[in-house]
């Protein structure tokens with residue numbers, strides 16, 4: 001079977017790798033560190049991509065993209081994640097906030113929000129999880145009540161990545177009580193500068209910016225800030241989560257680091273225990289499995305249909321890969337030479353990957369919840385549900 005993406009995608013990969021070499025420092029390990037220079041590197045790189053129509057390559061030209069295929073956008077996604085995501089937090093807007101606004105937003109919302117995203121000028125965060133509503137998101141308590149010609153929102157969100165740097169929040173709040181907990185939920189596009197919004201960072205092993213609490217104290221929003229239909233936000237959220245869960249090409253970073261290991265170790269590679277080299281080879285096979293599961297979901301998305309079971313199967317495979325490959329990489333890194341820039345960079349990258357991987361089976365819905373979704377899809381395909389673009 002031929003899984004090649006075609007000449008356009010291959011040429012795009014070469015262009016992206018050249019741009020990374022020219023604009024991203026070799027020691028760059030992501031934008032979310034304590035060094036402001038790393039965030040500026042990411043923001044500048046986003047502007048570089050945007051100037052070439054590459055930041056949102058698959059978006060329609062009218063919204064700032066260049067109408068590339070979903071496979072070209074997949075190539076962008078893979079190259080960026082393999083190189084420690086030099087777009088910083090922009091991937092969130094590119095992968096699912098922007099496309100969701102395209103599908104469900106009003107013309108005014110599209111005009112207001114999409115051009116700044118396509119230019120790499122705005123960062124979004126996601127206001128979903130709460131202290132008592134993580135994987136069971138439908139039990140959230142943040143509430144929005146009608147107030148004249150707008151809404152007043154109060155509540156608390158937690159684990160909100162990038163909230164310290166974001167200008168906008170894609171927020172889910174309860175607007176009424178229905179027969180099911182999933183009923184009566186509404187999506188709001190909330191400016192983080194609005195009075196009543198307070199962000200408190202949470203220290204964690206992944207470093208600054210990854211985890212935050214967001215408190216909303218009578219935050220005033222307008223009717224123009226409502227995305228989609230009032231009380232019917234759950235269907236949109238389910239679609240969003242399916243896109244988000246396949247939007248990060250974790251397998252690409254695992255594969256790049258695994259392939260780098262033999263070159264970094266040089267002659268020491270053959271001295272590694274055979275069991276460790278066997279696990280290394282097994283991880284490369286698991287990278288291919290996760291990649292093909294991702295491609296299955298991308299193919300479905302290209303036809304305008306997202307199936308929860310397929311997204312869940314990919315998510316289970318890629319998050320387990322993230323952690324298992326991290327363990328192998330850390331063991332290999334312990335055998336890397338003490339001197340030399342390549343070995344130093346490999347050790348730092350392996351450690352960074354290991355720290356980040358600890359949260360991969362929890363973020364965007366825990367792996368246990370993904371197993372429930374997959375089981376439902378396998379046992380009752382009709383009950384699993386399908387979202388289409390119609």
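Read the figures in this text as sums done on the coordinates, not as results from a lab. From a predicted model like this one, the values you see are computed outputs, not experimental measurements. Neighbour counts run over all protein chains shown; Cβ positions are idealised from the backbone, glycine included.
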At what distance in nm do the modelled label points of residue 275 and residue 35 sit from each other, each positioned 7 Å from its Cα along Cα→Cβ? 3.7
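Starting with the fewest neighbours, write out 287, 204 ranked by other beta-carbon atoms found within 10 Å of each beta-carbon. It would help to have the intermediate numbers written out before the result.
Values: 287 23, 204 15.
Fewest-to-most Cβ neighbours within 10 Å comes out as 204, 287.
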If I build a Gaussian network model for the chain, linking alpha-carbon pairs within less than 10 angstrom, which residue out of 198, 108, 331 has the largest mean-square fluctuation? 108
For the chain, modelled as a GNM with alpha-carbon contacts under 10 angstrom, which of 308, 86, 60 fluctuates the most? 60
Please report 48, 222, 142, 160 as a ranked list, fewest other C-beta atoms within 10 angstrom at the top and most at the bottom. 222, 48, 142, 160
In what sequence do 101, 187, 369 fall when counting other Cβ within 10 Å, fewest first? 369, 101, 187
Which of 173, 263, 57 moves the most in a Gaussian network model of the chain with Cα springs under 10 Å? 263
Shape box of region 7-121 [Cα atoms, principal axes, largest first, Å]: 42, 37, 19
Could you state the angle between the C-alpha long axis of helix 7-23 and the longest principal axis of the C-alpha atoms of the chain, as a value from 0 to 90 degrees rounded to the nearest 10? 80
From the alpha carbon gyration tensor of region 280-325, can you work out the equivalent ellipsoid semi-axes (sqrt of 5 times each eigenvalue) and give them in Å, largest to smallest? 22, 10, 5
Rounded to the nearest 10 degrees, the helix 250-265 long axis (Cα) sits at an angle to the longest Cα principal axis of the chain of 20
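Per the Kirkwood treatment, what hydrodynamic radius in Å, one decimal, follows for region 91-174 from the mean inverse distance over all distinct Cα pairs? Intermediate values should be presented prior to the final figure.
Working: mean 1/r = 0.0715 Å⁻¹.
By the Kirkwood definition, the hydrodynamic radius is 14.0 Å.
Would you mind telling me the antiparallel percentage of the DSSP bridges in region 182-290, rounded to 5?
Values: 7 of 8 bridges.
Here the share of antiparallel DSSP bridges comes out near 90 percent.
Determine the calculated [θ] at 222 nm for the chain from helices alone, applying -39500 (n - 2.57) to every DSSP H run no shorter than 4 residues and normalising by the residue count; nearest 500 deg cm²/dmol.
Working: 12 runs with 185 residues, N = 390.
It comes out at -15500 deg cm²/dmol, rounded to the nearest 500.
For region 104-201, give the share of DSSP beta bridges that are antiparallel, in percent and rounded to the nearest 5; count only bridges with both residues there. Before the final figure, lay out the partial values.
Details: 13 of 18 bridges.
Percent antiparallel among DSSP bridges in region 104-201 is about 70.
Hey, what does the equivalent ellipsoid look like for region 134-287, semi-axes from the Cα gyration tensor as sqrt of 5 times each eigenvalue, largest first, whole Å? Intermediate values should be presented prior to the final figure.
Details: eigenvalues 384, 66, 30 Å².
Over the Cα atoms of region 134-287, the semi-axes work out to 44, 18, 12 Å.
Between residue 102 and residue 327, what length comes free when the chain is fully extended (0.36 nm per residue of separation minus the Cα-Cα distance, one decimal in nm)? Mind showing how you got there, number by number?
Numbers: separation 225, 0.36 × 225 = 81.00 nm, distance 3.97 nm.
Taking residue 102 through residue 327 to full extension adds about 77.0 nm, to one decimal.
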Using Cα atoms only, what is the angle between the long axis of helix 70-82 and the major principal axis of the chain, expressed in degrees (0 to 90) to the nearest 10? 60
Which value does Rg/Rh take for region 249-388 over its C-alpha atoms, Rh per Kirkwood? 1.08
